[in-house]
1. In region 91-179, which GluC sites (Glu not before Pro) are in a loop and have at most 14 other Cβ atoms within 10 Å, using DSSP for the loop call?
2. In the calculated pair distance distribution of region 91-179, what percentage of Cα-Cα distances lie above 16 Å?
3. If you roll a 1.4 angstrom probe over the protein chains with everything in place, what fraction of the accessible area of the chain belongs to carbon and sulfur, to the nearest %?
4. If you fit an axis through the alpha-carbon atoms of helix 30-42 and take the longest principal axis of the Cα set of the chain, what angle between them do you get, 0 to 90°, nearest 10?
5. Show me, bin by bin at 5 Å from 0, the whole-percent P(r) of the chain based on Cα pairs.
6. Mind checking which of 87, 160, 138 has the largest fluctuation in a GNM of the chain, springs on alpha carbons under 10 Å?
7. Can you show me the helix-derived [θ] at 222 nm for the chain, built from DSSP H runs with n ≥ 4 at -39,500 (n - 2.57) apiece and divided by the number of residues, rounded to the nearest 500.
8. Residues in region 46-84 near a label at residue 173, defined as backbone nitrogen under 14 Å from the 7 Å Cα→Cβ point?
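The values are calculated or read from the model by the stated rules, or taken from the named source; none is laboratory data. On a predicted model such as this, the values are computed, not experimentally measured, just so you know. Backbone-built Cβ (ideal geometry, glycine too); neighbour counts: all protein chains shown. Note: areas computed on protein heavy atoms with side chains; ligands, DNA, RNA excluded. Shrake-Rupley method; radii C 1.70, N 1.55, O 1.52, S 1.80 Å.
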Amino acid sequence: MSEASKPAVKSPTAAGAASGPEKLRRRPDWDEYFLSLAELAATRSTCLRRQIGAVLVADRRVLATGYNGAPRGLPHCLETGCLKDQLQIPSGQRQEICRAIHAEQNAILQAAHYGVAIKEATFYCSHQPCAICTRLILNLDIRRLVLRSEYPDELARRLLGEAGFRRSEVDGRLVWARA
């Protein structure tokens, strides 16, 4: 096909798309971008109750990702069913009974497995970490936690506060940052 017979391609401005400052406003900020990656990671989850994703980031670079699911090589809850459902255990309670590794734990394990330093990173999670994951995070010297939604675990919130993290809400996101 010759250049003359190729269909004309309209520029974004000619097609009616926003340009200049209007276009930049639709571009996600860094927190929104990395939270979206955590939500994408959550789509890999095999949990029947809650799909959770996590991303560790430093200097605007993804260090590791994780999602909740059974340990490597074991059957997933999709195959075995949910033990917590079978025992009628409410969400947010008795995490030790769940066969899955939590998303935050998987991200930490991925970083450790590949020798990636995560000191002073930011943790992006689709949901607030449980108390078990919060204790791990507190020992990692994580700078910030950016969350899409809460989780019914008051102990986790108390631990973050006791460790000097301050909670704020920014554009619908929960942000816990070291004071």
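1. Working: sites: 96, 104, 120, 150, 154, 162, 169; in loops: 120, 150.
Passing sites in region 91-179 are 120, 150.
2. Numbers: 2005 of 3916 pairs.
Distances greater than 16 Å cover 51 percent of the Cα pairs.
3. Details: 5630 of 10690 Å².
So the carbon and sulfur contribution to the accessible surface is 53 percent.
4. Roughly 60 degrees between the two axes.
5. Answer for the chain: a P(r) of 1, 8, 15, 18, 17, 12, 8, 6, 4, 4, 4, 2, 1, 0 percent.
6. 87
7. It lands at -8000 deg cm²/dmol.
8. From region 46-84, the list is 54-62.
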